[in-house]
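This report concerns only the one structure given below.
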Protein chains: 2
Amino acid sequence: MPETTQEPIKVYEGLAGVVFTESELTFIDGEKGILTHLGIPIQDWAEKSTFEELSYALLHAKLPSSAELAAFDAALKANRGVPPALLEQIKNYPKTANPMQMLRTAVSYLGLLDPNSEDTGAENKYATAIRMIAQFSTVIAAICATVEGRDAVAPRADLTHAGNFLYMLSGTEPTLEQARLFDIALVLHADHGMNASTFTALATASTLSDLYSAVTSAIGALKGPLHGGANEAVMDMLDEIGTSDRAVAFVTDMMDRKEKIMGVGHRVYKFFDPRSRVLRDYAALVAGKQGKSHYYQILEQVEETVVARLSGKGIYPNVDFYSGVVYSDLGIKKEFFTPIFALARISGWTASVLEYTKANKLLRPLALYTGQSDQPLTPIAER
Amino acid sequence: MPETTQEPIKVYEGLAGVVFTESELTFIDGEKGILTHLGIPIQDWAEKSTFEELSYALLHAKLPSSAELAAFDAALKANRGVPPALLEQIKNYPKTANPMQMLRTAVSYLGLLDPNSEDTGAENKYATAIRMIAQFSTVIAAICATVEGRDAVAPRADLTHAGNFLYMLSGTEPTLEQARLFDIALVLHADHGMNASTFTALATASTLSDLYSAVTSAIGALKGPLHGGANEAVMDMLDEIGTSDRAVAFVTDMMDRKEKIMGVGHRVYKFFDPRSRVLRDYAALVAGKQGKSHYYQILEQVEETVVARLSGKGIYPNVDFYSGVVYSDLGIKKEFFTPIFALARISGWTASVLEYTKANKLLRPLALYTGQSDQPLTPIAER
């Protein structure tokens, strides 16, 4: 910054409202509760598509033909394996470490092992993106195995991306319904415009660093409780509530004390988060068929109480409010929720890096200096 | 973004000129060639201080008393050791991998091994910062050993931060003059305001993620050729020139063809980068005492030719122009230059994260959606 200025300098705290690039991937209208990828509403993606198809669409900024999708799917399946040296590492991670620390380290190591990692040309970056999307599944399942103190399950090439992940997680092939429900959850989380982790990936990639560096940065950002981790916090709250009959009093009390209720409200959405509607409907569908799970019963009460009191203020349950219960009903432990967020968002991260670096611009904003000037370095004996 | 707007939306490409936070650490006036930390000119820091003292000053935003500096220095010395599991890992990294991929992975693993990594309170973050500054030296020296195919040298607690690093790098205790010259180089690179890697560290930290995640992100960003790596590129150019008698013709030819000369010009500085002046003077001092090295002789010719022709346009040799030759004269190979940049900048990264997260604000700018709207998800058979 120049030393003197006539105008007061505007500080855009958190860069809120600052537009820094163009993108043709994802559109969000928080006021109206709209989320689209390539102009197609998220509800359609969830109901009629798959994680594989959406990943293709994000990476290419276009819908695939059936031949293109088949080739993409085959490439994903062919790339599920990871280097044995990495699996050996993951096996030896201290099992009490944070799974996101494990994921960040494992992906960074994957880059170290990739002899082509320094080729940051568009073609290699695209090939690397496909490999990373496929390998994330195997790496995350191996991390879950380490945390649970069991051997990692090798991937199967005859299952869908979602189905294979659930299989690796439990060692048992999921039902088609379970695989589909998890697929929908992956679709809903695959991309969300300029969220904090995607932005961090771009900040790293903007120095023309490699894709592993960008994704490692994104994992580190997603790890933070202000970004990933909200659905885990919702489950913590449900655990604290304990039983459904205590739910109304519990959250009423929280609202009276003006405490933040986890999974409720969103920086962008001032209306019902369209992703949460989809997940809520599917959770209800599962509950209708299989009976309401313990967590579902509590969640239902919390939702009703919260919506009745806060929706008038534009505060609604968000996607994290429902995803935890859906994952939990699929047998997934809450400490794995944030890695599973990464399992989905890797498509958005890589697609956004590919898009941004096509006409790359180094990201380098300014800080306003508010410290002292003209200071001497006084000799230390005189201080 | 809302769907419709009356006003044209301004896109701040690269976030250039956008102020997003306040800082009392570093002031830069690129027009006048001024760089200060805590209001003290960089020249004073280089001539009268040490990397240890500047690191303290950045982390605390104040100068230390002699007792405070002694305690800080003792803490750095006490923390030079790293977990044996990490050293074992580094030893087994494929020696042909990029050293920055190694550093990113090693620091991520260091976080995984730290049982307190999830404590993101200010006190633990400060303790972690000191440990990281100290451990970076040992980790980077171990990485250099792996690349060179030799055993890592254990740190010594009786040497300065700079002297100990040079000792670990060669296995031989450096002269006081060598240690001091390297210390000056570390001082000059310790912080530089809101550069791309520091900004990336803040983006990650702004989700309230841990310090290892922030630093891992910063390493990934520094790795990019638009940020770190410029001094390595200068050495590549000097190698290509080959001998000093070819230098004038070589760079004249480059300038005629309007090619970018590595290490010349800077996004911020439109005047002589104050850091480059200090390094140039010290490089000249060493050359005066020990005779001009091979690289110094070429550099001298390049500098003269470039300054004569470009300085009128506000384009000057920057710090990277000189640092490569200084490092090379200290016996450091050019593939280690970027890790050594990290060795210095870890102080700026950690200090900036500590400062920013005191009044944290999630970093989340916007992208302008330029894609299609109201698209149907056509059945794949119809595409």
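The values are calculated or read from the model by the stated rules, or taken from the named source; none is laboratory data. Because the structure is a prediction, the values reported are computed rather than measured. Cβ: placed from backbone, ideal geometry, glycine included. Neighbour counts: every protein chain shown.
Couple of notes before you dig in:
- One residue stands out among those in the range B:332-350 that are part of a helix (DSSP H, G or I) and among the charged types (D, E, K, R): the one that is farthest from residue B:168 (Cα to Cα), which is B:345.
- Residue A:296 without any contact (Cβ under 8 Å) to a residue 40 or more places away in the chain and out of contact with any Ser or Thr (no Cβ under 7 Å at 6 or more places or on another chain): yes
- Residue count for the range B:24-48 under the criterion of being surrounded by fewer than 21 Cβ atoms within 10 Å (Cβ to Cβ) and either under 21 Å from the mean Cα position of the chain (by Cα) or at pLDDT 95 or above (or both): the result is 11.
- Matching residues in the range A:155-166 - criterion: being surrounded by 23 or more Cβ atoms within 10 Å (Cβ to Cβ) and either over 13 Å from residue A:134 (Cα atoms) or of a type in the set (Lys, Arg) (or both): A:166
- If the condition is being touching a Leu at 6+ places or on another chain (Cβ under 6 Å) and within 7 Å of chain B (Cβ to nearest Cβ), then the range A:34-44 contributes A:40, A:44.
Conditions tested, residue by residue: (1) within 26 Å of residue B:222 (Cα to Cα); (2) facing chain A (nearest Cβ under 10 Å); (3) assigned to a helix (DSSP H, G or I).
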position: B:32; (1), (2), (3): yes, yes, no
position: B:75; (1), (2), (3): no, no, yes
position: B:81; (1), (2), (3): yes, no, no
position: B:95; (1), (2), (3): yes, no, no
position: B:107; (1), (2), (3): yes, yes, yes
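- Qualifying residue in the range A:258-277 (condition: touching a residue at least 60 places away in the same chain (Cβ under 8 Å), in contact with a helix residue (DSSP H, G or I) (Cβ under 9 Å, 6 or more places away or on another chain) and small (Gly, Ala, Ser)): yes
- Among the residues of the range B:50-71, none qualifies, meaning not one is among the small types (Gly, Ala, Ser), touching a Gly at 6+ places or on another chain (Cβ under 7 Å), outside the structural domain of residue B:276 (by TED's automatic domain parsing) and in contact (Cβ under 8 Å) with a residue 24 or more places away in the chain.
- In the range B:51-66, the residues that are more than 9 Å from chain A (Cβ to nearest Cβ) and surrounded by fewer than 20 Cβ atoms within 10 Å (Cβ to Cβ): B:60, B:62
- Annotation for the range B:261-274: at least one member residue is in the same structural domain as residue B:325 (by TED's automatic domain parsing) and either within 30 Å of residue B:110 (Cα to Cα) or assigned to a helix (DSSP H, G or I) (or both).
- Taking the criterion of being under 13 Å from residue A:321 (Cα atoms) and among the polar types (S, T, N, Q), the only residue of the range A:276-291 that qualifies is A:276.
- Filtering the range A:210-231 to residues that are within 20 Å of residue A:192 (Cα to Cα) and among the charged types (D, E, K, R) leaves only A:223.
- Pick from the range B:196-231, criterion touching a strand residue (DSSP E or B) at 6+ places or on another chain (Cβ under 8 Å) and over 19 Å from residue B:106 (Cβ atoms), ranking: surrounded by the most Cβ atoms within 10 Å (Cβ to Cβ): B:202
- Only a single item in (1) more than 9 Å from chain A (Cβ to nearest Cβ); (2) within 30 Å of residue A:198 (Cα to Cα); (3) at pLDDT below 95; (4) surrounded by 22 or more Cβ atoms within 10 Å (Cβ to Cβ) is not met by residue B:234, and it is number (2).
- From the list A:198, A:160, the one residue that fits, being within 11 Å of chain B (Cβ to nearest Cβ), in contact (Cβ under 8 Å) with a residue 60 or more places away in the chain and of a type in the set (Ser, Thr, Tyr), is A:198.
- Cβ separations smaller than 8 Å between residues 6+ apart or across chains give the following pairs from the range A:209-233 residues that are on the phi > 0 side of the Ramachandran plot to residues that are outside any helix (DSSP H, G or I): A:229/A:223.
- Test result for residue B:127, touching a Lys or Arg at 6+ places or on another chain (Cβ under 8 Å) and more than 14 Å from chain A (Cβ to nearest Cβ): no
- Members of the range A:338-365 found to be buried (at least 24 other Cβ atoms within 10 Å of the Cβ) and touching an Asp or Glu at 6+ places or on another chain (Cβ under 6 Å), listed by number: A:348
- Only one of A:177, A:259 that is acidic (Asp, Glu), within 20 Å of residue A:343 (Cβ to Cβ), more than 14 Å from chain B (Cβ to nearest Cβ) and surrounded by fewer than 21 Cβ atoms within 10 Å (Cβ to Cβ): A:177
- Residue match in the range A:4-17 (condition: at positive phi and touching a residue at least 24 places away in the same chain (Cβ under 8 Å)): yes
- Qualifying residue in the range A:165-177 (condition: within 19 Å of the chain's Cα centre (by Cα), among the aromatic types (Phe, Trp, Tyr) and more than 30 Å from residue B:224 (Cβ to Cβ)): yes
Condition check ((1) away from chain A (no Cβ under 12 Å); (2) under 24 Å from the mean Cα position of the chain (by Cα); (3) closer than 26 Å to residue B:180 by Cα) across all residues:
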{"site": "B:271", "(1), (2), (3)": "yes, yes, no"}
{"site": "B:288", "(1), (2), (3)": "yes, no, yes"}
{"site": "B:307", "(1), (2), (3)": "yes, no, no"}
{"site": "B:340", "(1), (2), (3)": "yes, yes, yes"}
{"site": "B:352", "(1), (2), (3)": "no, yes, yes"}
{"site": "B:360", "(1), (2), (3)": "no, yes, no"}
{"site": "B:368", "(1), (2), (3)": "no, no, no"}
